[in-house]
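Okay, so here's the structure we're looking at.
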Amino acid sequence: MDVILFYILAFFAVAGGLLMVSLKNPLSGAFSLILSLCSLAGLFAMLHAEFVFILQVLVYAGAIMVLVIFTIMLLNLKEEELHEAPVGWMRAIFTATLCAAAAFGAIQIFGHVDRRASRWRPSSATWRPSAAPCSPTSYIPLK
């Protein structure tokens, strides 16, 4: 059940983020950002991080998004002003580039995890653990 709930919340988080950058109407984009923030709050609740869950809902999805929506309503953008901004292929290319950069960064960061020891090590070629794993000199550089 937890896995199914995780995939549902993760889908809504990603879908809300993609809708936020792809919708033309700024108010609809702000509401899709609220969807993304609320689903992230649900993910924090699944991790038993209750403080971060409440903080996400009250501060980000609540107070900050109310300020964003108030600013959008205060600007009172007309329909013809919305079409002046570049949309379409440029937005799709930007979104695809951003997703590719995030995937590349995640591979670079999490690609060096030693799964057998279940902890992160800098690199087995240049560093080796010493006899005392919790001492300040637990990683001694090779010469």
Item to check | Residue, surrounded by the fewest Cβ atoms within 10 Å (Cβ to Cβ), within the range 7-66, restricted to residues that are under 16 Å from the mean Cα position of the chain (by Cα) and among the hydroxyl-bearing types (Ser, Thr, Tyr) | outcome: Tyr7
Checklist entry - Residue check: is Trp127 within 23 Å of the chain's Cα centre (by Cα), at pLDDT below 60 and not basic (Lys, Arg)? => result no
Checklist entry - of a type in the set (D, E, K, R) and modelled with pLDDT of 90 or more: does that describe Glu50? => result yes
Checklist entry - For the range 1-27, which residues satisfy the criterion of being without any contact (Cβ under 8 Å) to a residue 60 or more places away in the chain, closer than 17 Å to Ile72 by Cβ and of a type outside the set (A, V, I, L, M)? => result Gly16, Asn25, Pro26
Next on the checklist: Take the conditions among the hydrophobic types (A, V, I, L, M, F, W, C), over 23 Å from Val14 (Cβ atoms) and modelled with pLDDT under 85 and apply them to Ala106. Does it pass?
Outcome noted: no
Item to check | Inter-residue pairs, beta-carbon under 6 Å, first over 18 Å from Val66 (Cβ atoms) and free of Cβ contacts under 8 Å to residues at least 60 places away in the same chain and in the range 28-49, second surrounded by fewer than 17 Cβ atoms within 10 Å (Cβ to Cβ) and among the β-branched types (Val, Ile, Thr), 6+ apart | outcome: Phe44/Val52
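The values are calculated or read from the model by the stated rules, or taken from the named source; none is laboratory data. Predicted, not measured: the structure shown is a model, and the values here were computed from it. A quick note on method: Cβ atoms are made from the backbone with ideal geometry, for glycine too, and the neighbour counts reach across all protein chains shown.
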